1. Any chance segment 58-72 includes a residue that's surrounded by 11 or more Cβ atoms within 10 Å (Cβ to Cβ), in contact (Cβ under 8 Å) with a residue 12 or more places away in the chain and assigned to a helix (DSSP H, G or I)?
2. Going residue by residue through segment 2-18, is there one that turns out to be modelled with pLDDT under 95, assigned to a loop (DSSP other than H, G, I, E, B) and surrounded by 12 or more Cβ atoms within 10 Å (Cβ to Cβ)?
3. Pick from Ile43, Ile66, Ile24, Ile57: which is within 25 Å of Gly86 (Cβ to Cβ) and touching a Gly at 6+ places or on another chain (Cβ under 8 Å)?
4. Can you tell me which residue is farthest from the chain's Cα centre (by Cα) among those in segment 50-83 that are within 28 Å of Val34 (Cα to Cα) and basic (Lys, Arg)?
Amino acid sequence: MGLALKPRLLILDEPTQGLSDGEIEGFVALVREVAADATVLLIEHNMQVVMALAHRITVMDQGRVIAEGTPAEIRADSTVQQAYLGAPADG
């Protein structure tokens with residue numbers, strides 16, 4: 001319904017929750033199509049989807065920003081790894 005109005009900004013909160021792998025593939029394709037003409041703000045925990053779609057990522061932990069950057073920068077960020085993957089702190 002929201003796409004029918006051709007928005008300039010589309011905000012999606014956990015849109016892949018409960019979708020099958022095939023449905024997620026269709027969603028990713030649709031977002032890429034929409035993003036050609038609009039800004040898409042995606043709030044998502046499915047990191048494969050985030051990394052496939054995002055140009056810029058902001059990562060939050062307990063209400064505070066812990067990292068911002070490109071997908072490659074976020075993948076390499078030790079603070080993000082520790083917060084979300086339980087990686088040991090550098091030391």
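The values are calculated or read from the model by the stated rules, or taken from the named source; none is laboratory data. Here the structure is a predicted model, which is why all the values come from computation and not from measurement. Here the Cβ positions follow ideal geometry from the backbone for every residue, glycine too, while neighbour counts run over all protein chains shown.
1. Of all residues in segment 58-72, those surrounded by 11 or more Cβ atoms within 10 Å (Cβ to Cβ) come to 58-61, 66-71.
Okay, now just the ones that are also in contact (Cβ under 8 Å) with a residue 12 or more places away in the chain, so 59, 61, 66-71.
With assigned to a helix (DSSP H, G or I) added as a condition, the list becomes 71.
Yes - at least one qualifying residue is present in segment 58-72.
2. yes
3. Ile57
4. Residue satisfying both the conditions and the ranking: Arg75.
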